[in-house]
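Each remark here refers to the structure printed beneath this line.
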Amino acid sequence: MSATAGTAVNTVVNTVVNTAVNTAVDTGPAAEAERRPLAARFALFAECLLAGVWLLLAALALVTALPAFAAACGHLRRYLDAERAGWREFAAGLRAAVRAGWRFSLLWWAALALLVFDLRVVSSGLLPGGPAVAAVGAVTAAAAVAVVVTGLRTAAAWRPGGDWFRTGRAAARRTCRTEPGGSLLLAGGLAVVAVAAWMLPPLVAPALGCLAACAVAAERRYGRP
């Protein structure tokens, strides 16, 4: 990787991580960010890294990816609210999310698989049409990103006892219409995860934790606890 590319990657990573951590801290109930010591911010960042490791392990079954993300977001919310936030609480949140959300998770994966298949067909070069095919590919890629972001916002907004499909419909409206800023923040977080996986696979775990922090920040920016 060239020096210019490395600098660009570091800039993207630092921007997304700092935005997520600062927004999450600033919107916590006990925040008072200007008076919090720097150590508290590093403690939150360390908690994001730990949540990322738990998230990665819990998502290995794939169908548990969204429930694991919901559990990671719940863990970070509890930490910000000065509640008990350990691995037992994470495991309990994961079990509740899996029981309630496995159907939604399957549907989400099916939609992503369909869009990826469409992208592969479009990029194969076997279809006639030239610019029209390229436009279809761009629209399909944008739709895939929107589906991923909607799934992540659904997981971040879900609470134990809630309905995943109702939460998903509300998240879709926020993603595409009412709160595009939060969606762009999450899209940037997804880019960081992709770059981390490409550069050094072990960085995926902490990047996922920062992505969960992005999701919590995106929800709390608009006053949702």
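The values are calculated or read from the model by the stated rules, or taken from the named source; none is laboratory data. This one's a predicted model, so the numbers in the text were calculated from it and none came from an experiment. FYI the Cβ positions are ideal-geometry reconstructions off the backbone, even for glycines, and counts take in every protein chain you see. Side chains included, ligands, DNA and RNA excluded: accessible areas come from the protein's heavy atoms. Shrake-Rupley method; radii C 1.70, N 1.55, O 1.52, S 1.80 Å.
Residue by residue through region 182-199, note down the ones that are closer than 20 Å to LEU76 by Cα and of a type in the set (A, V, I, L, M). Spell out how you get there, then give the answer.
Let us first name the residues in region 182-199 that are closer than 20 Å to LEU76 by Cα, namely 182-183, 185-190, 192-193.
LEU185, LEU186, ALA187, LEU190, VAL192, VAL193 - these are the residues of region 182-199 that are closer than 20 Å to LEU76 by Cα and of a type in the set (A, V, I, L, M).
Condition first: open to solvent by 60 Å² or more (accessible area, probe 1.4 Å), of a type in the set (A, V, I, L, M, F, W, C), over 21 Å from ALA72 (Cα atoms) and out of contact with any helix residue (DSSP H, G or I) (no Cβ under 7 Å at 6 or more places or on another chain). Can you find one or more residues in region 172-181 that meet it?
Our first condition is that a residue be open to solvent by 60 Å² or more (accessible area, probe 1.4 Å); within region 172-181, this holds for 173, 176-178, 180.
The next check asks that each one be of a type in the set (A, V, I, L, M, F, W, C); those that pass are 176.
Now narrow it down to the ones that are over 21 Å from ALA72 (Cα atoms): 176.
Imposing the further condition that a residue be out of contact with any helix residue (DSSP H, G or I) (no Cβ under 7 Å at 6 or more places or on another chain) reduces the set to none.
No: region 172-181 contains no residue that is open to solvent by 60 Å² or more (accessible area, probe 1.4 Å), of a type in the set (A, V, I, L, M, F, W, C), over 21 Å from ALA72 (Cα atoms) and out of contact with any helix residue (DSSP H, G or I) (no Cβ under 7 Å at 6 or more places or on another chain).
Does VAL145 fit the bill of being within 23 Å of PRO180 (Cβ to Cβ) and out of contact with any Phe, Trp or Tyr (no Cβ under 7 Å at 6 or more places or on another chain)?
Against the criterion (within 23 Å of PRO180 (Cβ to Cβ) and out of contact with any Phe, Trp or Tyr (no Cβ under 7 Å at 6 or more places or on another chain)), VAL145 qualifies.
Taking region 194-210 as the search range and keeping residues that are without any contact (Cβ under 8 Å) to a residue 60 or more places away in the chain and within 21 Å of ALA43 (Cα to Cα), which one is least open to solvent (accessible area, probe 1.4 Å)? First the steps, then the outcome.
Going through region 194-210, the residues without any contact (Cβ under 8 Å) to a residue 60 or more places away in the chain turn out to be 194, 197-198, 200-203.
From the residues that got through so far, the ones that are within 21 Å of ALA43 (Cα to Cα) too are 202-203.
Values: PRO202: 97, LEU203: 75 Å².
My answer is LEU203.
Of the conditions (1) more than 19 Å from ALA111 (Cβ to Cβ); (2) out of contact with any Ser or Thr (no Cβ under 9 Å at 6 or more places or on another chain), GLY182 fails just one. Which one is it?
(2)
From the list ALA135, ALA143, exactly one residue is open to solvent by 30 Å² or more (accessible area, probe 1.4 Å), farther than 18 Å from ALA61 by Cβ and either free of Cβ contacts under 8 Å to residues at least 24 places away in the same chain or among the charged types (D, E, K, R) (or both). Which is it? Explain how you work it out, then say what you get.
Values: ALA143 fails: either free of Cβ contacts under 8 Å to residues at least 24 places away in the same chain or among the charged types (D, E, K, R) (or both).
Checking each option against the conditions leaves just ALA135.
With the requirement that a residue be more than 24 Å from LEU107 (Cβ to Cβ) and either among the basic types (Lys, Arg) or open to solvent by less than 40 Å² (accessible area, probe 1.4 Å) (or both), what does region 44-76 give you?
LEU44, GLU47, CYS48, ALA51, GLY52, HIS75, LEU76
I'm checking my understanding of the structure. Among residues of region 78-103 that are farther than 22 Å from GLY209 by Cα and in contact (Cβ under 8 Å) with a residue 12 or more places away in the chain, which one is most open to solvent (accessible area, probe 1.4 Å)?
The initial filter retains those residues of region 78-103 that are farther than 22 Å from GLY209 by Cα, namely 99-100, 103.
From what is left, the residues that are in contact (Cβ under 8 Å) with a residue 12 or more places away in the chain are 100, 103.
On the way: ALA100: 48, ARG103: 134 Å².
Here the residue is ARG103.
Criterion first (touching a helix residue (DSSP H, G or I) at 6+ places or on another chain (Cβ under 9 Å), under 30 Å from LEU49 (Cα atoms), open to solvent by less than 30 Å² (accessible area, probe 1.4 Å) and β-branched (Val, Ile, Thr)) does THR167 satisfy it?
Working: touching a helix residue (DSSP H, G or I) at 6+ places or on another chain (Cβ under 9 Å): yes; under 30 Å from LEU49 (Cα atoms): yes; open to solvent by less than 30 Å² (accessible area, probe 1.4 Å): yes; β-branched (Val, Ile, Thr): yes.
So THR167 passes the test.
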